[in-house]
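Structure first, commentary second.
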There are 2 protein chains.
Amino acid sequence: MAEADGTSSATPTEEMNGAGNLMDFLDEPFPDVGTYEDFHTIDWLREKSRDTDRHRKITSKSKESIWELIKSLLDAWSGWLVMLLIGLLSGTLAGVIDLAVDWMTDLKEGVCLSAFWYSHEQCCWTSNETTFADRDKCPQWQKWAELMTGYTEGAGVYVLNYFLYVLWALFFSFLAVSLVRVFAPYACGSGIPEIKTILSGFIIRGYLGKWTLLIKTVTLVLAVSSGLSLGKEGPLVHVACCCGNLFCSLFSKYSKNEGKRREVLSAAAAAGVSVAFGAPIGGVLFSLEEVSYYFPLKTLWRSFFAALVAAFTLRSINPFGNNRLVLFYVEYHTPWYMAELVPFILLGVFGGLWGTLFIRGNIAWCRRRKTTLLGKYPVLEVIVVTGITAILAFPNPYTRRSTSELISELFNDCGALESSQLCDYINNPNTTRPVDDIPDRPAGPGVYSALWQLTLALIFKIVITIFTFGMKIPSGLFIPSMAVGAIAGRIVGIAVEQMAYHHHDWIIFKNWCRPGADCVTPGLYAMVGAAACLGGVTRMTVSLVVIMFELTGGLEYIVPLMAAAVTSKWVADAFGKEGIYEAHIQLNGYPYLDQDEFTHRTLATDVMRPRRNEPPLSVLTQDSTTVEDVETLIKETDYNGFPVVVSRESERLIGFVQRRDLILAIKTARQKQDGVVSNSVVYFTEDAPQIPATNPQPLKLRRILNLSPFTVTDHTPMETVVDIFRKLGLRQCLVTRSGRLLGIITKKDVLRHMAQMMNQDPESIMFN
Amino acid sequence: MAEADGTSSATPTEEMNGAGNLMDFLDEPFPDVGTYEDFHTIDWLREKSRDTDRHRKITSKSKESIWELIKSLLDAWSGWLVMLLIGLLSGTLAGVIDLAVDWMTDLKEGVCLSAFWYSHEQCCWTSNETTFADRDKCPQWQKWAELMTGYTEGAGVYVLNYFLYVLWALFFSFLAVSLVRVFAPYACGSGIPEIKTILSGFIIRGYLGKWTLLIKTVTLVLAVSSGLSLGKEGPLVHVACCCGNLFCSLFSKYSKNEGKRREVLSAAAAAGVSVAFGAPIGGVLFSLEEVSYYFPLKTLWRSFFAALVAAFTLRSINPFGNNRLVLFYVEYHTPWYMAELVPFILLGVFGGLWGTLFIRGNIAWCRRRKTTLLGKYPVLEVIVVTGITAILAFPNPYTRRSTSELISELFNDCGALESSQLCDYINNPNTTRPVDDIPDRPAGPGVYSALWQLTLALIFKIVITIFTFGMKIPSGLFIPSMAVGAIAGRIVGIAVEQMAYHHHDWIIFKNWCRPGADCVTPGLYAMVGAAACLGGVTRMTVSLVVIMFELTGGLEYIVPLMAAAVTSKWVADAFGKEGIYEAHIQLNGYPYLDQDEFTHRTLATDVMRPRRNEPPLSVLTQDSTTVEDVETLIKETDYNGFPVVVSRESERLIGFVQRRDLILAIKTARQKQDGVVSNSVVYFTEDAPQIPATNPQPLKLRRILNLSPFTVTDHTPMETVVDIFRKLGLRQCLVTRSGRLLGIITKKDVLRHMAQMMNQDPESIMFN
């Protein structure tokens, strides 16, 4: 595409023709031409073209001197350098967040006397008086009530601890929401819908800025520590993308080109998921499948590098002290059996239903927040939800602890040394078996009471998460979704296990579950359930299975995970095609063109502007418009650009000029070029004709004219037009018939048409 | 794009206009319109459009009756069914090939007396007389000389075994090359270059046919068993794609749409790599990174499914008896140290150099084969190379055995029970350590003699592989490349290990290698070397690392693998951008548009036909060409299609008509429609005018006219044109200036221009 930034349209032909003319003020590039306004869509082809130009310049210069050669090499390596920096910073931030969350979550309950900056676990590790069985208890760690009253038991102590727990939670969440409100409004939410939109080529200035990075990191810690039903995984992707944007600004290659910048951001998103789940390959696939729009192979490779660096940085910080990147890493040792696919698929169905319920409920609530008074009091909303969450969560041990810890406990297989209530099985004293191979046992009373508590926790999590996601604090939904699935999965797992133990003569158990064998692993059910629920909400597929695979570290369990993920996606898709992120994109009216097939039978002529009864298209002519005409046109319309035609009669298209470039060019010309007045004629032709001296000086604007605007014919099916917009990343496209200009289709028109075809409100698409 | 197959161009507008006219013979679709000829390029947009039409039809019909609803559901599920079938068949074939290769490789040395269909290992497993230490020796397994003469020792016996080994090898390879020559010439080579080309949208009929599948499977076994320096991994991808093509023919959705068919083939390629390396995720990434052209997310997910099914099918066959999918699966237990990155990077450099040497040498040899007498005697060539290989391979124990076994031994860490010569270390009798943690030890004489033999094997493999790849038998280069790298890596590994043992006071070892510690794992070096060499030859990156990761099963070793893979790619890229597959595509002149950036500064006008001094473009007019004119044009030119303009004077474009469709339409019209004679006027307009009865009946051909041909302006930079061709999968594109038709650019023109810009012979691009 011939370029508007004053450099690339200088093709050999033109240079020849232009040689004999007057010096053109546009020969020197002037600032800001070729940039975009906030909340506008970028033109991918143009960005790519600009980068190729830059690259050509550097390559040709590099032959001139050693210094230029070194500069060109530095330029070539800057991509890798940016990836390294992103990996290091996002890994470090993830580590810091993990450590801080760990400490602050425990701070709600008590404090370490030997060193107040230790979390409960660290406090008792450093204590020598603790045995392995009592590893959670040590004199250095004191609950608040114990510290204040000296008593450790009693109803008063319980109430005091309860009260302080709620108070801390309210304090944390108030701090979080206030910081977000005051310093960085963009720091709220998970950020993934916006990142998807940005990566698809939309400009939201400040969304990935330094302040957002700082505030999001701090408030994320506060929000997670406050005990709200939210996770840090989604926001970590936002944090990593902020890091990416930060490092882009170090290199003009990335800071000045919105297309190249988005390549870096795609890789940063991969690094974010990599540290969130300790899954570098899963992170790359997540970026590819879920968030990225334009993902060339070069980006694939660099994303992988960034994801690995981030993972290794996090591992060297070792925030959980277990040499793993996440709390809920787990290794299973027993195989699964074909018959177990039935409960796994049922969990998939549950996951799909949960996904549908969550998306519908959450979107309805968010819409209410947007349209009613509720949206006016975000701080109050956060305080109230935190209060309710804390009050309901404290009495139940499974909701009181952090959600990551809960998931970790649910995923874990009951080993011989497990002290959890969930592992309160009745052991057969006659058998001594190795740790890894404990046969199925009857459940003890602890398991049954745990089941009740888990059921209550499940209902609580399901309800509260719907209201939490979308509040004005950083909030991810990966962890709450996984928690819902893990609880359901563990319950199902225990049920199947007990059935298999008590009824191994049933035909379904007969073949694979002999008495005394270890047939059922309830932890695996929890993991399958978590995958199903996450899949139902986000509609991730391959990346989800790969992330879960990296969490278990064995190909063995891919089939159950996959069966659940597929079922969950199918069930959820039956109720609505959109995942939670697409739903939020739509709710906010972002101009995001998703990858779904467009199957309706409309033509370009049905979508283009002007419509049948509208006034004709605003066009410029190549040699008969005056400066005043142009200024009037700019004042009277708000189009982003204007087609240029040979003459109004022939309507033969010669190019397209951007509104922004036109304004800048006329402004500059009026300042710098003598004789340009209101009735100067604007020329878009190669040569301005010789004109009498009495006439005002003409204004030559060919340099800002895009000589290769994209055109389709009026008979082009919309499915092809949508495909072209999507694959080439266009901003607008002109419509012609037999060489005559008929109209224009912008990305907004396409999105509105798609919304209309799906019986949605086309006016919900807000930006262009 | 409006369609040429007689269905989709019936837009509402046109249907209205056409209602009052005579019954048009084109109302009924006639056969073969919309299909492609052999060795032609498909039009992706058109295929996609056709599929959307088909989908629309099924959806609207599904509301009519239960039966149609069931049919529409079956249609929706057929994709998954095809994937399941591909996974099952390719997994089964891989298992059969593995078992057959195992047996036939051993058959060159001897036979199992208890059951001749047992391989050496199986024979001795079933024997009760064998102890673990002597697991390779058992009375049931007899070498040929032993069976014939009764002696087991002596020079005569050795010579007889040698002679019979060479004879078997010659017999196998002669059988393989003869079968390929007689039954399926397409079964030769690795197949990956052709599959890449096919997936990019080229038609090679029979390349993925049933005969190719059958013959390739059989001859692959023969070729690998003959001991030639080739692998089964690449051809397995071809075999899997043949399976994919086979199952496509069961569903009209896939068999009648070349675009949809390619989605299935992409997934089949993933299944092929999945069984070749036991790496389902790596397989999907390989398909994405290396072979596929158009890879929508839906395909990603289905590929993953096919890859998993294939892997599990192969695992249930369990060809190696180790519950693993490949012979060289390995688990390491010791960590690596930062300082080791130096030898790893050196191995990367070696891999890059090997890649360059191999590609240059192999391409030079293949070019010689194409241009000289050598190409006339493929059978003789195979026989000679087999003879030389067998004669040189037999005396060296590391080349005599199958290459997979060699790689497996090189990858293995020396455990306590390892009987290999490579593990002949001098043990310290005073220490008793667990199996996993054997400290570094001084090398014994066996290791030193093994080193010499390995060096000879390395040189032999390097030379012979260059001449083997590209012969007229199925031949993959993954295994030979890996073998070269593994040998080099093991040698380096042993050297570093011995250095570390004898000099642990050196500053580089001091920090991490205390005496008595297990610091260096030579097997890991072999794996890193294998990755480097494979990367140098194929230029795979992410998929390579993921495949290797799945072979070791630990995130721990990703960094060394990645360091080596990156270095190898950079070094090899410095000598030439192309991997071996691209080089072979170029050698054969296939029309493959690769993903590299086009950075030259040319415009569409420089590339389009007609050139400045050529006769004008052959066009049809919308209402003034006679049938005879059209027939003359078809006879005199060999263009694939003709633009249709309003009139020769105005040159305003209205559409594009395919040559094939035009021929078919005129032929059908002459047969079926009365009154169509040579001077009938051909109308491409919506309505044919009322004409006097004396004039011949007009021929209306609007239905085969593509009303939305793709156009660019003459000022469009070629980088944009290349991008459009690549992303939209175009076959041709028309060039206009101010609405006037100037010329046409075909994919061949683009490829020739690219070749010219890279100083290559543009005439090497052969097909269109």
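Given Cβ point charges of +1 (Lys, Arg) and -1 (Asp, Glu) and nothing else, what value in debye, to the nearest 20, does the dipole of the range A:604-764 about its Cα centre take?
For the range A:604-764, the charge dipole is close to 380 debye.
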Using θ = phi - 60° and the Karplus form 6.51 cos²θ - 1.76 cosθ + 1.60, what ³J(HN,Hα) does each residue of the range B:526-542 get, whole Hz, x for Gly and Pro? 4, 5, 4, x, 4, 4, 4, 5, 5, x, x, 7, 9, 6, 6, 10, 4
Amide H of residue A:645: which non-local residues (sequence gap of 5 or more, or other chain) have their own amide H closer than 5 Å, using H built in the peptide plane? A:620, A:621, A:622, A:654
Grab the beta carbon distance between residue A:695 and residue A:648, set R0 = 22 Å, and tell me the FRET efficiency rounded to 0.05. 0.55
Which residue, B:297, B:101, B:179, has the largest displacement toward the positive end of the dipole of the range B:78-317 when charges sit on each Cβ (Lys, Arg +1; Asp, Glu -1)? B:297
Would you calculate the separation in nanometres between label points at residue B:758 and residue B:67, each defined as 7 Å from the Cα along the Cα-to-beta-carbon direction? 5.5
In the range B:604-764, taking the dipole from +1 charges on Lys and Arg beta carbons and -1 charges on Asp and Glu beta carbons about the Cα centre, the listed residue (B:677, B:653, B:706) farthest towards the positive end is B:706
Rounding to the nearest 10 and keeping the result within 0 to 90°, find how far the Cα-based axis of helix B:378-393 lies from the longest principal axis of chain B. 20
Please arrange A:332, B:207, B:151 by counting, for each residue, the other beta carbons lying within 10 Å of its beta carbon, fewest first. B:151, A:332, B:207
Put in order of increasing Cβ neighbours within 10 Å, starting from the fewest, B:509, B:172 give B:509, B:172
For the protein assembly as shown, size of Cβ-based charge dipole, Lys and Arg +1, Asp and Glu -1, in debye: 1760
Separation between the residue A:624 and residue A:611 pseudo-spin-labels, each 7 Å from Cα along Cα→Cβ, expressed in nm? 3.1
Separation of the range B:347-417 and the range A:191-252 by C-alpha centroid, Å? 51
Considering only the other residues whose Cβ falls under 12 Å of the Cβ of residue A:547, what net charge follows from Lys and Arg at +1 and Asp and Glu at -1? -4
Once the Cβ-Cβ distance between residue A:505 and residue A:338 is put in as r, and R0 is 22 Å, what FRET efficiency do you end up with, to the nearest 0.05? 0.70
Amide H of residue B:700 versus every other amide H placed in the peptide plane: which residues, excluding those fewer than 5 positions away on the same chain, fall under 5 Å? B:683
Over chain A, relative contact order from alpha-carbon pairs under 8 Å, at least 6 apart, %: 16
Can you give me the long-range amide H partners of residue B:743? Hydrogens built in the peptide plane at 1.01 Å from N, cutoff under 5 Å, separation of 5 or more residues or another chain. B:735
Could you give the dipole magnitude of chain B about its Cα centre, charging the beta-carbon of Lys and Arg +1 and that of Asp and Glu -1, in debye to the nearest 20? 1040
Along principal axes, Cα extents of the range B:182-235, largest first, whole Å: 35, 21, 13
Taking only the alpha-carbon positions of the range B:102-242 as identical scatterers, the Debye log10 I(q)/I(0) at q = 0.20 Å⁻¹ comes out as -1.10
Could you work out how far the C-alpha centroid of the range B:475-494 sits from that of the range A:300-330, in angstrom? 30
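222 nm [θ] for chain A, helices only, -39500 (n - 2.57) per DSSP H run of 4+, per residue, to 500?
Calculated mean residue ellipticity at 222 nm is -18000 deg cm²/dmol.
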Among B:144, A:365, which comes first, then next, by fewest other beta-carbon atoms within 10 Å? A:365, B:144
Shape call for the range A:604-764, from the Cα gyration tensor axes a ≥ b ≥ c (a/c under 1.5 means rounded, otherwise prolate when a/b beats b/c, else oblate), comes out prolate
Over the range B:78-317, equivalent-ellipsoid semi-axes from the Cα gyration tensor in Å: 39, 20, 13
Karplus-derived 3J(HN,Hα) from phi for the range A:664-670 (6.51 cos²θ - 1.76 cosθ + 1.60, θ = phi - 60°), whole Hz, x at Gly and Pro, runs 5, 5, 5, 4, 4, 5, 4
Based on alpha-carbon centroids, what's the gap between the range A:71-120 and the range A:587-664 in Å, whole number please? 48
State the answer as a single residue: which of A:547, A:715, A:534 lies farthest towards the positive end of the charge dipole of the protein assembly as shown, with beta carbon charges of +1 for Lys and Arg and -1 for Asp and Glu, about the Cα centre. A:715
Taking 0.36 nm per residue of separation between residue A:517 and residue A:495 and subtracting their Cα-Cα distance, the length gained on full extension comes to 6.3 nm
Using a ≥ b ≥ c from the Cα gyration tensor of the protein assembly as shown (square roots of the eigenvalues), is it rounded, prolate or oblate, where a/c under 1.5 gives rounded and otherwise the larger of a/b and b/c decides, a/b for prolate? oblate
Alpha carbon Rg of chain A, scaled by the compact-globule rule 2.2 N^0.38 Å: 1.12
Degrees separating the helix B:44-62 axis from the principal Cα axis of chain B, which is the longest one: 80
HN-Hα J couplings of the range A:109-115 from phi, Karplus 6.51/-1.76/1.60, θ = phi - 60°, integer Hz, Gly and Pro as x? 9, x, 9, 8, 6, 5, 7
For the range B:270-359, what is the convex hull (Cα atoms) projected area averaged across all directions, in square nanometres? 8.4
So, in nm and shortest first, the distances from residue A:211 to its counterparts in the other copies, with label points 7 Å along Cα→Cβ, work out as 7.3
Report the equivalent ellipsoid semi-axes for the range B:309-390 in whole Å, largest first, defined as the square roots of five times the eigenvalues of the gyration tensor built from alpha carbon atoms. 36, 26, 12
Between copies, how far apart are the residue A:634 label points? List them in nm, one decimal, shortest first, with each point 7 Å from Cα toward Cβ, please? 5.6
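Read the figures in this text as sums done on the coordinates, not as results from a lab. Since we're looking at a predicted model, the values are computed, not measured. As a convention, Cβ positions derive from the backbone with ideal geometry for all residues, glycine included, and neighbour counts pool all protein chains shown.
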